[in-house]
Structure formats: C-alpha cells, structure tokens
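Below is one structure; the comments refer to it alone.
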Amino acid sequence: MHSDTPAPTTTAGETGAGGPARLTVLAGPTAVGKGTVSADVRERYPDVWLSVSATTRQPRPGEVDGVHYHFVGPERFDDMVAAGELLEWAVVHGRNRYGTPRRAVEEQLAAGRPALLEIDLQGARQVRATMPGARFVFLAPPSWEELERRLVGRGTEGPEERERRLATARVELAAEPEFDVVIVNDDVHRATDELVRVMGIEPAPADR
C-alpha cells in the first residue's frame, strides 16, 4: 500500500506545532540497515525522537543500555507485557523478545514531536492494529545478494543463527506490499534523507 499524499514539510531543525505528531514506523528484513539508518537520523536530525525498544537479548559490543535498547531480563519483560506497558512486542528469530514502551511514544506524539519507531515486521503489524494512523515505511535492500552479504559481513552471528535470520528475511521481504512507503537502502545518507522527507522534514541543503 503506497500513499499518494505527501506529508507537510518543515525544514531541518524545525518541528511541527499545533497538535499531536504522526508516528512513523520503520521496518524491514534483518541486516537491511534499519539500525544504521536510525543512527544516522539520530545524529543528523536531533529533532526527531527515536523510540528505544526493550529486549531480552544480550547487548552486542558497543551497545549502550538506554541508548540502543533497554536491556531487561525475561521476568521484567513479562511484567511489562502484563501491565500493558508495551505498544507492541514480539519474539524475533524464534529466540529473543523485543517490545516498544508505550508511554514514551505517546508522550512524544502528544508533544507534537516527530517520532520514529524502528521495529521488526511482527511489531509493525501490531502497531498498525493499535495505531492505524501511523505511517509505515519499509526499508528494502538493493538486492537479495546484498542483504546476504551484509548479514555475513556483520559477523555477529554464527552459521546457524545466520541461516535462521536469512530464512526470516525471506518472509519479511514478502511483506513489502503491506507498507505505505518503500525506501531502498543503497546509500545510508540518501535513505535517511528520504525517510525524513516522508516524515515531513525537508533536509537542509548541506545534507543533500
């Protein structure tokens, strides 16, 4: 599903005013670069608020609790689910659980701040059910071969985990038609600029 109506734009460094903002959801297959694009948004467009997911998996090298993820134990995650504290949650790759803390998202949207939620396909479907007014963006690889190369090159998974993630990626790629907008991640800065345009922010000339 593709939207034909462009979002109203502001220049980089400005945010909309006068009412709640619209949530933008970024999803795509594993290793497509969702985290890299989100980090580029965080660095170059500080007015965009990025949701920080909770997860039961262990931190990867360089990841900081509260910045990249909220790393929690299984019991704490269970409590968050039971208390309705998560906007969405899912078991990813058949192993670890990820979820989006609801309160922070609602507070940022109510304040009128552009908000970006980077999640997996399962989570995106849950958000569509609970927040159908959100904007859904699918980040796609230039090709299957490039996606496989990125996953192997990342070097953070063993052979079995890599095959599991590739199998998941095949299923995730087939979900592309469910999204409002598709952005091909063939260049991080270009993909980031296209994403913020979709969010209604016009990149500054120096960022083009």
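The values are calculated or read from the model by the stated rules, or taken from the named source; none is laboratory data. The shown structure was predicted, so the numbers you read here are calculated from the model rather than taken from an experiment. Positions of Cβ are generated from backbone atoms using ideal geometry, with glycine treated the same way; all protein chains shown enter the neighbour counts.
Annotations
- Residues that are small (Gly, Ala, Ser) and either more than 15 Å from the chain's Cα centre (by Cα) or outside any helix (DSSP H, G or I) (or both) within segment 120-168 comprise ALA129, GLY133, ALA134, ALA140, SER143, GLY153, GLY155, GLY158, ALA167, listed in sequence order.
- Complete set of residues in segment 31-51 that are more than 22 Å from ARG165 (Cα to Cα) and either in contact (Cβ under 8 Å) with a residue 12 or more places away in the chain or of a type in the set (A, V, I, L, M, F, W, C) (or both): ASP40, VAL41, ARG44, TYR45, ASP47, VAL48, TRP49, LEU50, SER51
- Failed item, numbered, when PRO203 is tested on (1) buried (at least 18 other Cβ atoms within 10 Å of the Cβ); (2) modelled with pLDDT under 90; (3) over 14 Å from VAL41 (Cα atoms); (4) not polar (S, T, N, Q): (3)
- Residues within segment 129-147 that are charged (D, E, K, R) and touching a residue at least 60 places away in the same chain (Cβ under 8 Å), tallied: 1
- Figure legend. Inter-residue proximity from segment 85-107: first residues within 16 Å of PRO132 (Cα to Cα) and free of Cβ contacts under 8 Å to residues at least 40 places away in the same chain, second residues of a type in the set (D, E, K, R) and surrounded by fewer than 20 Cβ atoms within 10 Å (Cβ to Cβ), beta-carbon distance below 7 Å, spacing 6+ or different chains. Indicated pairs: ARG102/GLU85.
- Among the residues making up segment 23-67, those that are of a type outside the set (D, E, K, R), out of contact with any helix residue (DSSP H, G or I) (no Cβ under 8 Å at 6 or more places or on another chain) and farther than 27 Å from ALA174 by Cβ are PRO46, GLN58, PRO59, PRO61, GLY62, VAL64, GLY66, VAL67.
- Checking each residue in segment 52-66 for being aliphatic (A, V, I, L, M) and either surrounded by 11 or more Cβ atoms within 10 Å (Cβ to Cβ) or under 17 Å from HIS93 (Cα atoms) (or both) picks out VAL52, ALA54.
- Hits in segment 160-208 (condition: more than 20 Å from GLU146 (Cβ to Cβ), without any contact (Cβ under 8 Å) to a residue 60 or more places away in the chain and not charged (D, E, K, R)): PRO205, ALA206
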